[in-house]
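All of the numbers you see were taken from the coordinates with simple rules; none came from a lab. Please read these numbers as outputs of a predicted model, since none were measured by experiment. Quick reminder, even Gly has a Cβ in these numbers, built from the backbone with ideal geometry, and neighbours come from all protein chains shown.
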Amino acid sequence: MDIKHLHAFLMVAETGNVTRAADMLHLVQPAVSRQIRLLEDDVGTALFERQRHGMVLTDAGKALVGYARRVVLELDRARMEISGAATGSVSGLVTLGLLPSTVDLLSSPLVAAIADAHPGIRLRIAVGYAGTLLQWLQSGEVDAALLYGAERSSEIESTPLIEEALWVIGPPDSALSPDRPVALAELSRHRMVLPSAPHGIRTLVEHASAVAKVDLNLSAETNDLSVQRSLVLCGHGLTILPPIAVAEDLRNHKLKGAPLTEPGISRSIVLALPMHRPTARHVRCAVDLLLRETHNAINAGAWPEGRWLGS
């Protein structure tokens, strides 16, 4: 199995078209088709169905995609790390996982900090919910990630970083205010838009509701933060989020928010690293800068309701 075959396979899988894949790989179309045929001969089965409108992965092709991506990623990592070791610099490919609620705040200062301190590091930022990031950590697709503290795994080492209170979030015409906390029981009189289970916030809200014997009236649930925000803006209900997730909307008064009480609900964010593989020097350097920029955001007041737990 040749790495060139895997590159061609992944590009065709991504584009669904041999011609477009050839353009992306700077090859002629027959060369890409030949690499796909050689790979199929190697694995002993068809990887694509040749349909009228493009190339569609077979079940075998779908199974191979994940393995192929990890192989290519590991080779990229090795190539950059060895190059850095030869020159004595800190270099290599680092993939860091960020939660959707934190990416807008952290991505820009993190990219700037790494470019300034370690220009030899090539950074990839992977965005996903905690369950997805945990899977990527376990499979090796991500080197380190910020996760909710509720996400547990025997394969992951987690260090608590931040505790943040959850707020009730509503449209601009709501009566919500940061100086007037809202009891959880009051929300039973409103329609609610919540994350889909098993999202970490949904788990926290359901547990608190059960303890307080509160029945929430769900109008919609979604696994996408932007959809959750849009539904609230359009008047389909209130929601429960950490204020950092909609900090810009709160500052611009596009949304309003208030702390939750009776009971208050908070979540913790942890730094997660895999236990089954060593953390390379360039990964540790990038992680250290991620921690620094996260701490800076707390100190600068840019992380509403965030309380630093790290050392």
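Here are some notes:
- Most mobile listed residue (Gly66, Gly131, Gly237) in the chain, GNM with C-alpha springs under 10 Å: Gly66
- Two-decimal Rg to Rh for segment 25-142 - Kirkwood Rh, Cα set: 1.07
- Beta bridges per DSSP, both residues in the chain: antiparallel share near 60 percent.
- Trypsin sites (Lys or Arg not before Pro) within segment 110-167: DSSP coil, no more than 15 neighbouring Cβ in 10 Å: Arg152
- Choice from Asp224, Asp249, Asp179 showing the highest fluctuation, given a GNM over the chain with Cα pairs closer than 10 Å: Asp179
- Matching label, mean projected area of the Cα convex hull in nm² computed from the structure shown, candidates (i) 14.4; (ii) 19.7; (iii) 16.3: (ii)
- Between segment 150-219 and segment 94-116, the alpha-carbon center distance in angstrom: 25 Å
- When the chain is described by a simple charge dipole with +1 on each Lys and Arg Cβ and -1 on each Asp and Glu Cβ, the residue from Leu6, Ala302, Gly140 located farthest towards its positive end is Leu6.
- When the alpha carbon gyration tensor of segment 3-69 is reduced to an equivalent ellipsoid, its three semi-axes come out at 16, 13, 11 angstrom, largest first.
- Structure-based [θ]222 nm, the chain - -39500 (n - 2.57) summed over DSSP H runs of at least 4, per residue, nearest 500: -14500 deg cm²/dmol
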